Structure formats: structure tokens, C-alpha cells
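First comes the structure, then the notes that go with it.
What follows is calculated from the coordinates using simple rules that are stated; it is not laboratory data. Treat the numbers as computed from the prediction; the structure is a model and nothing was measured.
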């Protein structure tokens, strides 16, 4: 089986439903997967490969606020919504390329 590379990030978008642009990407690959599953309350039976986007709720943010502040930085859930996204590939360069193109680096 070929080696798989995994990349996690938060998409940051305005809460305004008329604006569907993604404004920023926050790399959260340094956070252990188990912690991401806990924070985003991911049901692994329904999403075993973590391929669905998972929205950060206000309740979950409040519960894990200290962890977010220490490991990611301040977040503003009043204006923005944050969605956990996951990519996996056997080609490490393709994941980095995807992130750079999406982040417009």
C-alpha cells in the first residue's frame, strides 16, 4: 500500500450567506487527529475517513477555546465560520500544490 500524506486545515468564510468566498485557510495539521475528532465531534462511523467538512460550532469553540488560543490563535465566530477540511494523497507535492493554489500563495 502506498504511503498516504494527510493535510488538515480550517476554511474561514464570512457568515453572510450571500458571500460564499473562502477568505483564509488555517493549517491545523499540527493538531493530533484524535483532538480534531473530539473538537469537531466527528462521528467516525458516518465519516470514517474524515472526508466531510465539519463546521466548528460555538459550543465546541467555547469548550475548547483555551486549546484553540494556544495552538491556532484567536478566532472570531461572530463574523466568520470555520470548517475543518481534510485531504489525503500518496503524492505529497499534490497536497501542498492544492493548498498553495487554494490559498493563492
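Just to be sure I understand, if you calculate Rg and Dmax of the Cα atoms in Å for this structure, which of (1) 15.4, 53; (2) 14.1, 44; (3) 43.2, 139 do you get?
Among (1) 15.4, 53; (2) 14.1, 44; (3) 43.2, 139, the one calculated here is (2).
Let me have the relative contact order for the chain, percent, based on Cα pairs under 8 Å that are six or more residues apart.
40
With all pairs of different alpha carbon atoms counted, what Kirkwood hydrodynamic radius in Å does the stretch 28-90 show?
Values: mean 1/r = 0.0800 Å⁻¹.
One over the average 1/r among Cα pairs gives 12.5 Å for the stretch 28-90.
Using just the helices of the chain, give the 222 nm mean residue ellipticity in deg cm²/dmol: DSSP H runs with n ≥ 4 each add -39,500 (n - 2.57), and the total is spread over all residues, rounded to 500.
Numbers: 4 runs with 32 residues, N = 105.
Computed mean residue ellipticity for the chain: -8000 deg cm²/dmol.
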